1. In square nanometres, what is the average projected area of the Cα convex hull of the chain?
2. Could you tell me the largest-minus-smallest coordinate of the C-alpha atoms of segment 47-218 on each of the three principal axes, in descending order and whole angstroms?
3. Quick check: the angle from helix 162-185's long axis to the longest principal axis of the chain, C-alpha only, nearest 10 degrees?
4. Using a 10 angstrom cutoff on alpha carbons, build the Gaussian network for the chain and name the most mobile of Leu201, Leu155, Leu300.
5. Would you compute the Debye intensity of segment 134-273 from its alpha-carbon atoms alone, equal scatterers and no solvent, and pass along log10 I(q)/I(0) at q = 0.19 Å⁻¹ to two decimals?
6. Take the Cα pairs of segment 266-324, get the Kirkwood Rh, then feed it into Stokes-Einstein at 20 °C and 1.002 mPa s and tell me D in µm²/s.
7. Measure nothing fancy, just the Cα-based angle from helix 224-240's long axis to the longest principal axis of the chain, in degrees from 0 to 90, nearest 10.
8. Which of the peptides 262-270, 395-403, 237-245 is most tightly packed, and how do the rest follow, judged by the mean count of other Cβ atoms within 10 Å per residue?
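Coordinate-derived values only; no laboratory data. As the structure is a computational prediction, the values presented were derived from the model and not from experiment. Here Cβ is always computed from backbone atoms with ideal geometry, including for glycine, and neighbour counts include all displayed protein chains.
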Amino acid sequence: MSPERQKADGSGTPDRRRRRVELRPSRIAARWGLEPSALPNQEEQERHASWLELFLDLVFVLALLAVQQRLPDATPAGGEILETAGLYVVVWWAWGGQAFYDTRFDPDDFTHRLAVLVCMIGAGSMAVGVEDAPNTLLLPIGYLVVRGTLLVLYLRVRSTGPVVRELTTVYLTGFGTGWLLWAASLAAPVHTRPVFWIVALAIELLTPWLGRRRLIRHPVHPLHLPERFGQFTIILLGVSLTDLLDAVPARPSASVALTAVVAFAIPASVWWVYSTFVSSGLSSPRLQAGVEYAAVHGLLGAAMVLFGWALGQIVRHVAADSPELPGILRLLVAVSLGTWILCGLALQRISLGRLPRQRVILAALAVALIVAVSVVGVEPMALLPPLALVLVGYAVVVARLIIRFAGERPAD
């Protein structure tokens with residue numbers, strides 16, 4: 001940096017006033033009188049999700065709800081569980097790519113808004129195509145629209161600086177390769193389409209990890225990204241309970257109503273812990289490229305979708321007067337809740353750079369109790385109340401610990 005630049009603020013130090021990169025307005029934008037805003041700078045202290053981003057979230061959450069509905073009301077087979085998990089990754093990853101772009105490069109101008117609206121059309125196609133995938137082309141076509149829009153947006157900002165050029169090279173190379181494989185799957189026989197999708201998705205998932213050192217040079221926004229993931233997670237938590245609500249008949253018996261109320265205590269506990277974590281601001285200082293943070297939230301969302309479905313199935317068994325719950329259902333309850341607890345530990349590790357002993361002990365105890373209750377609780381009412389008690393107790397103690405850790409964190 002030149003001496004003149006360093007003295008720009010009159011103190012002999014580099015001028016750290018907020019600088020923003022301007023985008024050239026398009027002809028359409030000029031005609032409509034919509035001048036593009038500047039690209040957000042990572043030094044901004046305040047930045048929140050836009051209305052457009054929230055609109056985008058709702059469309060993708062509906063797609064994830066369609067993924068959840070792939071699971072049958074009867075006991076699912078192993079293949080059905082794997083297919084549902086794979087489709088969840090596809091939809092969630094499509095949303096995550098746009099979220100990462102927006103947290104770094106959201107000019108909120110006419111061109112950007114139009115691109116995001118096109119992305120929503122692709123997400124809608126994915127939501128419709130999830131039910132019959134891979135027998136329909138709606139899913140891959142929707143994915144191609146969503147990711148193609150993202151690639152165009154990265155091309156748009158590529159010339160704004162050398163660091164941005166380096167970052168976009170990572171994404172354009174990895175995501176572009178995956179996009180070509182998705183496009184090739186359109187011409188493939190039905191039974192081989194999933195092979196193309198799996199290979200393409202693996203390449204795209206590995207891209208941020210392989211290019212992590214370059215991505216760190218242009219870090220994600222420390223306030224905006226946790227808010228984006230937080231809002232999406234809370235919306236997904238609410239929508240994932242659709243199966244629970246659908247399982248309650250119009251005129252429920254006392255046992256069904258009681259079961260639904262007790263079941264609701266479980267997602268309420270999940271909300272309590274997660275909302276406390278996000279509100280504490282623990283994650284903000286250590287996000288860097290946000291790769292680990294995103295990966296943990298992917299697993300967290302999958303766990304919520306799974307236990308939302310499982311709780312609905314338990315209520316259905318109570319309504320049908322089933323004497324006992326299938327073993328696979330009890331296993332999925334234990335796996336989903338255990339995954340949620342482990343994701344909480346991972347978020348704590350990302351936030352503090354370490355795992356406090358209290359959190360590890362509490363997590364181990366909670367997982368052990370969940371497994372024990374799932375093994376012993378063959379009958380619905382022998383399973384849900386103990387599980388709800390464990391989750392409520394865990395939520396209360398862990399939320400207090402999170403608040404304490406936030407208070408003990410040194411000021412940045």
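1. Averaged projected hull area, Cα only: 23.1 nm².
2. 53, 32, 26
3. 50
4. Taking springs between Cα atoms under 10 Å, the residue moving most is Leu155.
5. -1.10
6. Once the numbers are plugged in, D ends up at 155 µm²/s.
7. For helix 224-240, the angle is close to 30 degrees.
8. The densest-packed peptide leads the list: 262-270, 237-245, 395-403.
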